[in-house]
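Enquirer: Here it is, the structure in full.
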Amino acid sequence: MLILSKIIKNRTPRIKIKFDYNKKIIANIKQLPTARFSKSLQAWHIEYSKKALNQLQLMCLEMGLTIKYLNKSGTIGLIRPENEHTGIDLKKSNSVLSKNDDSKNADIDIAKQKLHIEIHIKRFYIKTRYNAKRIEILKNLDGAWWNNANKVWISKANIKNLEILQKEFNYWSEEEYLKIYNLVALIDDPLILELYRTPDNIKQIWVKIRGFKADIDFMK
């Protein structure tokens, strides 16, 4: 588990990452573009930005790690405009699904200030400030429900919901989206290997492979 918190380092907001010593985690954190190690804090930290946080979340998703946030809201904090010197980047990401015009994209980027999406154990966890249009979209996601205790929307982590979230909110960059698509596809349609025999030929074993990116070339 990684524990994240917002800190101020050299007068600049950063995201502090706390975890039990693990060489594999350290090796992966070192690959993050904005990762730095603080001797005074004895902890790693990354840029306080949506892009850096998404990169960290993808790393955790690929490694099967969970994230815990120290503040009660369950997020690093609200994204604020660049002129408040928070280090948050509000530049438009290039979505592989978005077909909005520039003015609408600008509105979407500002809306990201109040939206936070995570994937954990086959579910999307979506935290947002109240907005009637946005809530209507979330209510119509596959398997969506409102968790009042944690103040978060939860839905199934499947391709259908992923495509809706990206189309409506343009939340991930193209690179992030492609990685998440592959991970969600494996959740939605897992790779399964089946071995079985038939009564008429018990000496022969039949192999069946199915699921996302099922590949039988290695058996030929």
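The values are calculated or read from the model by the stated rules, or taken from the named source; none is laboratory data. Quick caveat: nothing in here was measured; it's all calculated off a predicted structure. All Cβ positions, even for glycine, are placed from backbone atoms using ideal geometry, and neighbour counts span all protein chains on display.
Enquirer: Of the residues ASP89, ASP20, only one is at pLDDT below 85 and of a type in the set (Asp, Glu); which?
Expert: Result: ASP89 is the single residue among ASP89, ASP20 that is at pLDDT below 85 and of a type in the set (Asp, Glu).
Enquirer: Among the residues of the stretch 4-40, write down those that are in a strand (DSSP E or B) and of a type outside the set (Val, Ile, Thr).
Expert: LEU4, SER5, LYS6, LYS9, PRO13, ARG14, LYS16, LYS18, ARG36, PHE37, SER38
Enquirer: Being within 14 Å of the chain's Cα centre (by Cα), surrounded by fewer than 20 Cβ atoms within 10 Å (Cβ to Cβ) and among the hydrophobic types (A, V, I, L, M, F, W, C) is the filter here; which residues of the stretch 170-191 pass it?
Expert: LEU178, LEU183, ALA185, ILE187
Enquirer: Still on this model: Listed residues LEU141, LEU162; which is touching a Ser or Thr at 6+ places or on another chain (Cβ under 7 Å) and surrounded by 18 or more Cβ atoms within 10 Å (Cβ to Cβ)?
Expert: One residue alone meets the criteria, LEU141.
Enquirer: Looking at ASN54, is it in contact with an Asp or Glu (Cβ under 7 Å, 6 or more places away or on another chain) and not assigned by TED's automatic domain parsing to the domain that holds LYS179?
Expert: So ASN54 passes the test.
Enquirer: Determine whether LYS156 is in contact with a Gly (Cβ under 6 Å, 6 or more places away or on another chain), surrounded by 14 or more Cβ atoms within 10 Å (Cβ to Cβ), of a type outside the set (S, T, N, Q) and at pLDDT 80 or above.
Expert: The answer is yes for LYS156.
One line per residue, one yes/no per condition, for (1) of a type in the set (Asp, Glu); (2) assigned to a helix (DSSP H, G or I); (3) outside the structural domain of LYS51 (by TED's automatic domain parsing):
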position	(1), (2), (3)
GLU136	yes, yes, yes
LEU141	no, no, yes
LYS160	no, yes, yes
GLU168	yes, yes, yes
ILE180	no, yes, yes
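Enquirer: Go through (1) in contact with a helix residue (DSSP H, G or I) (Cβ under 6 Å, 6 or more places away or on another chain); (2) modelled with pLDDT of 85 or more; (3) closer than 20 Å to CYS60 by Cα and name the single condition GLU168 misses.
Expert: Failed condition: (3).
Enquirer: On to the next question. Of all residues in the stretch 15-69, which are among the basic types (Lys, Arg) and under 19 Å from ILE119 (Cα atoms)?
Expert: LYS50, LYS51, LYS68 - these are the residues of the stretch 15-69 that are among the basic types (Lys, Arg) and under 19 Å from ILE119 (Cα atoms).
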